[in-house]
Amino acid sequence: MLERYKDANKRLTRRLGETPRRDPASDELPFDLELTRRVNGQYMPAKWGTRDPAAELVPVVDAHYDLHQAEDGTLMPAAQMAALYGHDAGTWEDLAQVSLGHGAGSALNAQTRLARGDDTVLRVIDDLRTQLLQTLQSEVWNRIAITAPTSGCGTTFTAVNLALSISRIPESRTILMDMNQRNPSISRILDVRGPGDMHRFLSGQVTAEDHLLRCSDTLALGLNRARPMNPAEVLQAKRTGDILDDMIGTLCPDVVLYDLPPMLEYDDCTAFLPQVDGVLLVVDATRTVRSQIEECERRLEGKTKLLGVILNRTRNTRPHSMAA
C-alpha cells in the first residue's frame, strides 16, 4: 500500500507541476487507515483515510456548487480541493476569532449567565464534563452527538454548557457544531454572529477555516442559521462524512459536540449516527415518558453507543434550562 501511495503521489505532483514533497515520517505511516483512524484520541484527515491513494483522482461535483479552480484547471468546491490536493485548509489558529456575546467575556461567565447564577447547575455540568471526558479517553473517542426524544428537552442548552465547561480546561480544543438545521439555536443562545450556513460547509462549498469561528484558544463554533429543504439527506451524504473527518484531521480537536434535532421527530439524528462515537440523550423530567426513551435506545442499538441519559428540569420551582 505504501508503494502504491508513493507512485500515486508522484503522478499527482507531475500533473500539478510541483516538486514532490517528502514527509520524513511517511515511511512509517499506516496508509490503510480505514482500520486505524484513531491515533492517540485523534482522527486522521479524510484525505488519508477515505480514498485509495492509487485511485485516479478525478473529482466529482454537482453543478450547483460554488466552484473554485484547482492548480490543474479542474473546478471543484474549495473543501474538496483541499482534501484532494493537500491545500492548506487552515489551522486552529487560522480560524477567525470572535467574543462570546452578552458581554460574557469568558466561558465561565457565559455558563453563569445561562445557569442564571445557580452554582448547582454549574457543578452538575462540570460533573457531566468529567464523566464524559473519562469515557472518551478510555475508549479513544471524540465525536459526540447530543439529542433528545422530542423538542423542548433542553438539548442545545446542554450542548452549549457542556462545550463551555470542556473549553475551560487549559490546552484543550473543543468544537461545538450546530447540526440542528430544523431549529438552529446556538448562535442565538451565545449571541455570536458569523458564517451561518451549515449546509454550505457540509456540502463542500466553504472550508472549515471559512465557516468555523474561534471564541478562545480552547473553543470553536460551527454556527447555523439556515434551514435547508433536505437536512437529513445532507447529513447522511458521504461527502458530509468526508468533510467532517477532514475538519477533525486539520484542526485536531479533543472533543467535537454535535447538537442535533430530536430523534423521534425527524430522521436527521439517525442519519448522522455513522459520524459519531456516541450519543448523549437529554430528557425532560416533566414531559418525557419511558416509552420514548426506550424507543431512542432501540434506534441507537447496534449503530452507536448511548453514553448517558441526562435528566433535565428535575426541579419544578425554578427552570434551569433553555429549550432547544
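Every number here is computed from the coordinates shown, using simple stated rules; none is lab data. Remember, predicted model here, so these are calculated numbers, not experimental data. Glycine also receives a Cβ, built like all others from the backbone with ideal geometry; neighbour counts cover every protein chain displayed.
Key figures
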{"read-out": "Considering only the range 94-312, percent of DSSP beta bridges that pair antiparallel, nearest 5", "value": "5 percent"}
{"read-out": "Net charge over other residues, Cβ less than 14 angstrom from the Cβ of E171 (K, R count +1; D, E count -1)", "value": "-1"}
{"read-out": "Ranking of S99, S203, S291 by count of other Cβ atoms within 10 Å, fewest first", "value": "S291, S99, S203"}
{"read-out": "Ranking of M263, M179, M229 by count of other Cβ atoms within 10 Å, fewest first", "value": "M229, M263, M179"}
{"read-out": "Built amide H within the under 5 Å cut-off of I310, gap 5+", "value": "L281, V282, V283"}
{"read-out": "Computed E for Q97/D119 - FRET, C-beta separation, R0 30 angstrom, nearest 0.05", "value": "0.55"}
{"read-out": "Translational D in µm²/s for the range 179-222 (Stokes-Einstein at 25 °C, 0.890 mPa s, Kirkwood Rh from C-alpha pairs)", "value": "221 µm²/s"}
{"read-out": "Within the range 134-155: backbone nitrogen closer than 12 Å to the R227 label point (7 Å, Cα to C-beta)", "value": "none"}
{"read-out": "Cα-based Rg of the range 193-258 normalised by 2.2 N^0.38 Å, two decimals", "value": "1.08"}
{"read-out": "Sites E301 and D210 - FRET efficiency at Förster radius 30 Å, r taken between beta-carbons, to 0.05", "value": "0.20"}
{"read-out": "Farthest toward positive dipole pole in the range 96-193 [+1 Lys/Arg, -1 Asp/Glu at C-beta], among G154, S165, M179", "value": "M179"}
{"read-out": "Check: the range 176-324 dipole with +1 on Lys, Arg Cβ and -1 on Asp, Glu Cβ, in debye", "value": "620 debye"}
{"read-out": "Total charge dipole magnitude, the range 106-158, about the Cα centre, Cβ charges on Lys, Arg, Asp, Glu only, Debye to nearest 20", "value": "160 debye"}
